[in-house]
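The values are calculated or read from the model by the stated rules, or taken from the named source; none is laboratory data. Note that the structure is a prediction, hence the values are computed from the model and not measured. Cβ sites come from the backbone with ideal geometry, for glycine too, and all protein chains shown count toward neighbours. These area figures cover heavy atoms from the full protein model, side chains too; ligands, DNA and RNA do not enter into them. Shrake-Rupley method; radii C 1.70, N 1.55, O 1.52, S 1.80 Å.
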Amino acid sequence: MIFQSSTVLVLLLVLALTPSVSNAFQNNGNTIPVKTSDVPMPIKWPIVGTLPDFLSRGGVDGMADVHESMYKEYGSVYRMSLLGNDEMIFSDPRVFDQILRNEGKFPVGAAEAVTTFRDYYEENDMDFALTSLGRGPEWKTWRQSVNA
């Protein structure tokens, strides 16, 4: 399975912002609750977490390689912890679809936490793009116009 770096980055941000402690997975049509701690991950070191493993697999410059090797070693669901930020990564589109379908009327956007986007849009008076970082009715109107 080959990943696109931007897709993986967005997915990582979404999952990092997901507040739930446990997640549900589909198995033959049945929902199975799974504890986050049951999901496999490389060795998690104090302070740096799984950063050494992440770097040994290719680091930021090799994001596709990192996630492809993690997928091969741990399967379609695995965890990472980079400098204190615990993340759960899903590479099964059915699980990702389930997350998206249950995120509510006004989901939290992944880009909302990336301050560099917000700063750039504000500095360049890009109000339309700035709306993409929010949530609520204004975001929904923006999203519908993008989908049209």
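Could you check region 124-145 and list, in sequence order, the residues that are part of a helix (DSSP H, G or I) and open to solvent by less than 70 Å² (accessible area, probe 1.4 Å)?
Going through region 124-145, the residues part of a helix (DSSP H, G or I) turn out to be 127-131, 137-145.
If the condition is that a residue be part of a helix (DSSP H, G or I) and open to solvent by less than 70 Å² (accessible area, probe 1.4 Å), then ALA129, LEU130, THR131, TRP139, TRP142, SER145 are the ones that fit.
Candidates in region 76-93 are the residues that are touching an Asp or Glu at 6+ places or on another chain (Cβ under 8 Å) and open to solvent by 30 Å² or more (accessible area, probe 1.4 Å); of these, the one that is farthest from PHE54 (Cα to Cα) is SER76. Of the residues making up region 59-75, none is over 28 Å from ILE47 (Cβ atoms) and either open to solvent by less than 70 Å² (accessible area, probe 1.4 Å) or touching a residue at least 12 places away in the same chain (Cβ under 8 Å) (or both).
Entry remark, region 48-65: residues being over 11 Å from LEU82 (Cβ atoms) and either in contact with a Gly (Cβ under 6 Å, 6 or more places away or on another chain) or not charged (D, E, K, R) (or both) number 6 in total.
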